[in-house]
Amino acid sequence: AQSVTQLGSHVSVSEGALVLLRCNYSSSVPPYLFWYVQYPNQGLQLLLKYTSAATLVKGINDFEAEFKKSETSFHLTKPSAHMSDAAEYFCAVSARGSQGNLIFGKGTKLSVKP
Amino acid sequence: DAGVTQSPTHLIKTRGQQVTLRCSPKSGHDTVSWYQQALGQGPQFIFQYYEEEERQRGNFPDRFSGHQFPNYSSELNVNALLLGDSALYLCASGFTGGRGYGYTFGSGTRLTVV
């Protein structure tokens, strides 16, 4: 069975500050891991994905995440927050080889203060 | 290159009615998955279609059914609507040759049951 836990339903940072959104996963098989962003009244946009290549994954808009097997974590970071980063962020896991069955966390809402 | 297209964007139905939602996958994609996202929650996997057959199913009752057509487009049908079915319904498409990490999401259909 697979699951995802996102620590903190709401994170608030100042513009220019470091963004850190936490995700821990549980999987009985080697996982694929994803971070998605959702702006109000919109669908999901893929930020980055881990698929067993490099453990440090770089995504769009300067986001990156590091896969740490020993900690079963896949935290999302960005060095400097922009106002446009305010959105809901979802971490998701799927089993390798699984086609379409993503298990999502409950999401973390990121607020950016000027 | 069109992404995933969903219709309608918004829908209001009465309890007990039936509803059909539609999804056209991204060009080149051959699988379609459906997700339900209740307010304030992460998306939950409903089912996935490939080669016009349901391949995987999440923990949803039989009131939720689907179909995939030869052109890879898909429909989600929900019978005997309940107030709790109110949610954003997301369609995601992928390519079976992409080894499970090429999902693209549509913007969703917002269903309100009154």
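The values are calculated or read from the model by the stated rules, or taken from the named source; none is laboratory data. Remember, it's a predicted structure, so these values are computed and weren't measured experimentally. Note that we place each Cβ from the backbone using ideal geometry, even for glycine, and neighbour counts take in every protein chain shown.
Candidates are the residues of segment A:48-64 that are aliphatic (A, V, I, L, M) and in contact with a Leu (Cβ under 7 Å, 6 or more places away or on another chain); the one that is surrounded by the most Cβ atoms within 10 Å (Cβ to Cβ) is A:Val57.
Selection of first residues in segment A:68-97 that are over 24 Å from B:Gln56 (Cβ atoms) and within 14 Å of chain B (Cβ to nearest Cβ) and of second residues that are of a type in the set (D, E, K, R) and assigned to a strand (DSSP E or B), restricted to Cβ pairs under 6 Å at least 6 apart or on distinct chains, gives the following pairs, ordered by first then second residue: A:Glu88/A:Lys109.
Only one of A:Leu44, A:Leu33, A:Leu48 is more than 10 Å from the chain's Cα centre (by Cα), of a type in the set (A, V, I, L, M, F, W, C), at pLDDT below 95 and closer than 19 Å to B:Gly94 by Cα; which?
Working: A:Leu33 fails: more than 10 Å from the chain's Cα centre (by Cα); A:Leu48 fails: more than 10 Å from the chain's Cα centre (by Cα).
Answer to the check: A:Leu44.
Scanning segment B:26-50 for residues that are in contact (Cβ under 8 Å) with a residue 12 or more places away in the chain and not in a strand (DSSP E or B) returns B:Lys26, B:Ser27, B:Gly28, B:His29, B:Asp30, B:Ala38, B:Leu39, B:Pro43.
Could you please let me know if B:Thr31 is under 20 Å from A:Ala92 (Cβ atoms) and in contact with a helix residue (DSSP H, G or I) (Cβ under 7 Å, 6 or more places away or on another chain)? Yes. Any residue in segment A:97-109 that is of a type in the set (A, V, I, L, M), out of contact with any His (no Cβ under 7 Å at 6 or more places or on another chain), surrounded by fewer than 20 Cβ atoms within 10 Å (Cβ to Cβ) and part of a loop (DSSP other than H, G, I, E, B)? No: segment A:97-109 contains no residue that is of a type in the set (A, V, I, L, M), out of contact with any His (no Cβ under 7 Å at 6 or more places or on another chain), surrounded by fewer than 20 Cβ atoms within 10 Å (Cβ to Cβ) and part of a loop (DSSP other than H, G, I, E, B).
Within segment B:8-36, restricting attention to residues that are touching a Ser or Thr at 6+ places or on another chain (Cβ under 8 Å), over 19 Å from A:Asn101 (Cα atoms) and of a type in the set (Val, Ile, Thr), the residue that is farthest from the other protein chains (Cβ to nearest Cβ) is B:Ile12.
Screening A:Ser27 against (1) under 14 Å from the mean Cα position of the chain (by Cα); (2) away from chain B (no Cβ under 11 Å); (3) closer than 22 Å to B:Gly94 by Cβ leaves a single unmet condition, (1). Just one of the listed residues (B:Arg63, B:Arg55) is under 24 Å from A:Tyr36 (Cβ atoms) and of a type in the set (Lys, Arg), and it is B:Arg55.
Each residue in segment B:48-61 was checked for being at the interface with chain A (Cβ under 9 Å from one of its Cβ atoms) and either acidic (Asp, Glu) or under 17 Å from B:Phe95 (Cβ atoms) (or both), and 5 pass.
Considering B:Phe69, B:Phe64, which residue is closer than 24 Å to A:Gly105 by Cα, in contact (Cβ under 8 Å) with a residue 12 or more places away in the chain, away from every other protein chain (no Cβ under 12 Å) and among the aromatic types (Phe, Trp, Tyr)?
Details: B:Phe69 fails: closer than 24 Å to A:Gly105 by Cα.
Answer to the selection: B:Phe64.
Among the residues of segment A:51-60, some residue qualifies, meaning at least one is within 13 Å of chain B (Cβ to nearest Cβ) and either hydrophobic (A, V, I, L, M, F, W, C) or not in a loop (DSSP other than H, G, I, E, B) (or both). If you go through segment A:58-113 and keep only what is among the hydrophobic types (A, V, I, L, M, F, W, C) and over 19 Å from A:Leu44 (Cα atoms), you end up with A:Phe67, A:Ala81, A:Ala95, A:Val112.
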